[in-house]
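Everything below concerns the one structure shown next.
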Amino acid sequence: MLKKYVIVFLVSMVPLIELRGAIPYGVMFGLPLWQTFLIAAVGNMLPVPVIYLFARKVLEWGKDKPVIGKFFAFCLEKGQRGGEKLQAKAGRGLFWALLLFVGIPLPGTGAWTGTLAASILNMGLKKSTLACMGGVLLAGCIMGLLSVLGVTAFGTIG
């Protein structure tokens, strides 16, 4: 049982999968929803401050390197485009736009992309962390509900 909790925690930290994959995994393997939700939310939020403080710097450093350059440039451009779209649509409501961006469980809209966009927009660590936390909780509620109803990205469970 502990192994399943550790997997939920680790999966929730993986970019693109995050808690959107961790919660259905936990529910599908019989873990209680509230425990799965809590562990997945903590795991999903754990990388946020690190991403905010270092990801942009690492991506900018690596975008011109021979082997990793294309991938780093792609990630940086994705974050910039996401941040620009978010700011253009949100204006002064950037906090709420980021919260909803992270909270709607679609591919590429999780805490990783949201935090990178917030970093590029110089939103501030505290404000962006709170917005991402709200978004992660919203996405967790949506995914928890869908998981309990038996809906996954591949159809229904059972």
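Summary table below
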item: Scan of the stretch 25-66 for residues that are surrounded by fewer than 19 Cβ atoms within 10 Å (Cβ to Cβ), among the hydrophobic types (A, V, I, L, M, F, W, C) and assigned to a helix (DSSP H, G or I), ordered by number; result: M28, L33, W34, L38, V42, V50, L53, F54, V58, W61
item: Criterion: farther than 24 Å from S12 by Cα, part of a helix (DSSP H, G or I) and open to solvent by less than 40 Å² (accessible area, probe 1.4 Å) - qualifying residue of L76, L99, L94; result: L94
item: Contacts under 7 angstrom Cβ, first residue in the stretch 1-22 being farther than 12 Å from W112 by Cα, partner part of a loop (DSSP other than H, G, I, E, B), 6 or more apart; result: K4/F29; K4/L31; Y5/L31; V8/L31; V11/I17; R20/P105; R20/G110; A22/S12
item: The stretch 130-141 - residue that is open to solvent by less than 30 Å² (accessible area, probe 1.4 Å) and without any contact (Cβ under 8 Å) to a residue 60 or more places away in the chain and, of those, farthest from L19 (Cα to Cα); result: A131
item: Index of the failed condition, Q87 passing every other in (1) under 20 Å from P47 (Cα atoms); (2) of a type outside the set (F, W, Y); (3) surrounded by 13 or more Cβ atoms within 10 Å (Cβ to Cβ); result: (1)
item: Unmet criterion (only one of (1) at pLDDT below 90; (2) within 13 Å of E18 (Cβ to Cβ)) for L86; result: (2)
item: Enumeration of residues in the stretch 102-129 that are under 17 Å from L19 (Cα atoms), surrounded by fewer than 17 Cβ atoms within 10 Å (Cβ to Cβ) and among the hydrophobic types (A, V, I, L, M, F, W, C); result: I104, L106
item: Some residue of the stretch 24-38 being in contact with a strand residue (DSSP E or B) (Cβ under 6 Å, 6 or more places away or on another chain) and not small (G, A, S); result: yes
item: Within the stretch 1-24, tally of residues that are loosely packed, with under 14 Cβ neighbours inside 10 Å and hydrophobic (A, V, I, L, M, F, W, C); result: 5
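The values are calculated or read from the model by the stated rules, or taken from the named source; none is laboratory data. Owing to the predicted nature of the structure, the values given are computational and were not obtained by experimental measurement. All Cβ positions, glycine included, derive from the backbone under ideal geometry; neighbour counts span all protein chains shown. Areas reflect the complete protein model, heavy atoms only, side chains present, ligands, DNA and RNA absent. Shrake-Rupley method; radii C 1.70, N 1.55, O 1.52, S 1.80 Å.
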